[in-house]
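See structure below.
The values are calculated or read from the model by the stated rules, or taken from the named source; none is laboratory data. Given the structure is predicted, the values throughout are model-derived calculations rather than measurements. Here the Cβ positions follow ideal geometry from the backbone for every residue, glycine too, while neighbour counts run over all protein chains shown. Accessible surface areas use protein heavy atoms only, side chains included; no ligands, DNA or RNA. Shrake-Rupley method; radii C 1.70, N 1.55, O 1.52, S 1.80 Å.
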Amino acid sequence: MPGATILFGGRHDYVHPSDACDAKSIIVYAVANDSAKEVGRIETNNNPSWVEVKGNVLVATGEIGSKGHAQVFDISKLRQAVAEGKELTPEVVAASVAKVHETPVGDGPCHAIISADEESNTEVVAVANYRTGQTSFFGIPPSTVSREVFGKGKIPSNPEFADRQEKPHAHHVCELAGPAKTVAEKRFLTSDLGCDQVDLIVNYEVVQSLKLPEGTGARRTLQLKRLPEVVYVLQELTHEIVVTRMKGDDWTADQTVSFVGGAKPLRWHHRGGSEFCFSPCEKYLLAATRTPNEIRVFSIAEDGALEPVSSASSRGATPRHLAFHGGRLFVSCHAIADKLYPDGGQELTNIIAVFDFNKGELTHAFDIPCTWAACAAFL
């Protein structure tokens with residue numbers, strides 16, 4: 001497929017035990033126009049539920065069955081093959097991706113980012129670990145940096161969803177914009193779903209925390225680049241987005257918007273907010289909710305306030321990840337098996353749904369079949 005975009009499909013099978021997991025590889029697709037073709041797979045140790053790409057580095061982490069490890073791959077030869085217009089086949093993909101190392105992190109690594117350390121000209125990976133609750137930092141190569149940062153939050157006294165809030169639960173890490181040149185000096189946010197708070201990390205220590213209402217479940221954060229003081233927090237357990245403002249030591253929440261009129265998940269496996277992202281140019285914020293399975297679109301005012309604009313079906317059950325590429329929105333729909341939906345009534349479709357986006361409106365373009373779709377990353 002000449003001129004195709006290369007998409008990496010991360011997968012997450014948490015219904016089956018690790019030894020029977022079907023999601024032991026990252027699927028590589030060539031996407032062009034309104035179609036996608038699987039051209040190969042990158043074998044991992046198990047369950048690559050998060051895939052992060054930066055330059056020639058691909059990092060994969062897995063929440064289930066990965067034994068608390070992050071895997072680092074060199075994809076420079078794959079990038080070169082694409083640039084030279086080579087036909088991608090399973091054999092070419094396998095020969096073009098090299099596993100560099102596998103690094104122990106905390107238990108349940110569910111999200112990772114790659115940060116550049118300009119002073120040492122190296123890269124550092126930050127990983128959120130939801131079972132052991134810490135944020136892990138390791139360098140590429142690992143010998144350059146190896147640090148663990150634990151939050152100081154407290155779990156709710158009487159949580160409604162006790163299985164999600166029985167202990168600290170680091171679920172997402174976000175790098176804030178700023179002038180710092182080294183990773184140690186940079187600012188990172190970790191969303192602690194278990195303790196209903198977001199922690200600010202500098203020099204590998206928690207230096208400030210934003211405490212949110214008990215039982216809300218802080219899952220994700222996003223910084224508005226054109227107005228850096230504004231940080232959005234996605235609440236998993238209450239279908240809400242909180243608009244917060246960071247001004248020096250003053251960090252406060254000043255707006256809360258609901259996805260679906262304040263409705264709460266029926267049970268733990270019907271959890272609400274799962275992911276959000278900005279549209280190109282940051283004019284809109286798009287959020288995925290799993291009760292119902294929809295994408296909600298909000299316009300962003302000059303001061304960062306949110307206003308609901310439109311919504312669309314996610315096409316598959318349990319939308320888990322949103323990513324814009326080439327002006328299109330890619331929605332990874334991770335259908336949960338019948339054992340988690342005993343009531344039925346869900347169309348359990350494992351797809352990456354692709355939408356065109358124009359002036360706040362989503363229009364379905366096509367679907368990419370992907371078993372246990374968890375996230376999409378691009379070369």
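Here are some notes:
- Residue in region 239-260 that is under 17 Å from Ala128 (Cα atoms), loosely packed, with under 15 Cβ neighbours inside 10 Å and without any contact (Cβ under 8 Å) to a residue 24 or more places away in the chain present: no
- For region 86-136, a tally of residues being among the hydroxyl-bearing types (Ser, Thr, Tyr), surrounded by fewer than 18 Cβ atoms within 10 Å (Cβ to Cβ) and farther than 25 Å from Lys186 by Cβ returns 1.
- Answer residue from region 205-244, given it is of a type in the set (Lys, Arg), outside any loop (DSSP other than H, G, I, E, B) and under 20 Å from the mean Cα position of the chain (by Cα) and is farthest from Phe276 (Cα to Cα) among those: Arg219
- Looking across Pro369, Pro319, one residue alone is at pLDDT 85 or above and either charged (D, E, K, R) or over 17 Å from the mean Cα position of the chain (by Cα) (or both). It is Pro369.
- Breaking point among (1) at pLDDT below 90; (2) of a type in the set (Phe, Trp, Tyr); (3) open to solvent by 20 Å² or more (accessible area, probe 1.4 Å), for Phe378: (1)
- Residues satisfying the stated conditions in region 137-152, i.e. open to solvent by 20 Å² or more (accessible area, probe 1.4 Å) and either in contact (Cβ under 8 Å) with a residue 60 or more places away in the chain or more than 10 Å from Gly106 (Cα to Cα) (or both): Ile140, Pro141, Pro142, Ser143, Thr144, Val145, Ser146, Arg147, Phe150, Gly151, Lys152
- All positions within region 254-293 that are assigned to a loop (DSSP other than H, G, I, E, B), within 20 Å of the chain's Cα centre (by Cα) and modelled with pLDDT under 95: Phe259, Arg271, Gly272, Thr291, Pro292
- Filter result (aliphatic (A, V, I, L, M) and surrounded by 22 or more Cβ atoms within 10 Å (Cβ to Cβ)) within region 211-229: Leu212, Ala218
- Exactly one residue out of Val105, Val97 is at pLDDT 95 or above and more than 21 Å from Leu222 (Cα to Cα), and it is Val97.
- Candidates are the residues of region 109-128 that are at pLDDT below 95 and under 17 Å from His169 (Cα atoms); the one that is farthest from the chain's Cα centre (by Cα) is Pro109.
- Among the numbered conditions (1) at pLDDT below 90; (2) buried (at least 17 other Cβ atoms within 10 Å of the Cβ), the only one that Phe357 does not meet is (1).
- Of the residues examined, Arg187 is one that is surrounded by 18 or more Cβ atoms within 10 Å (Cβ to Cβ), over 17 Å from Cys277 (Cα atoms) and either at pLDDT 95 or above or β-branched (Val, Ile, Thr) (or both).
- For region 4-46, a residue qualifies if it is open to solvent by 80 Å² or more (accessible area, probe 1.4 Å) and either closer than 19 Å to Gln80 by Cα or at pLDDT 70 or above (or both), and the qualifying residues are Asn33, Asp34, Lys37, Glu38, Arg41, Glu43.
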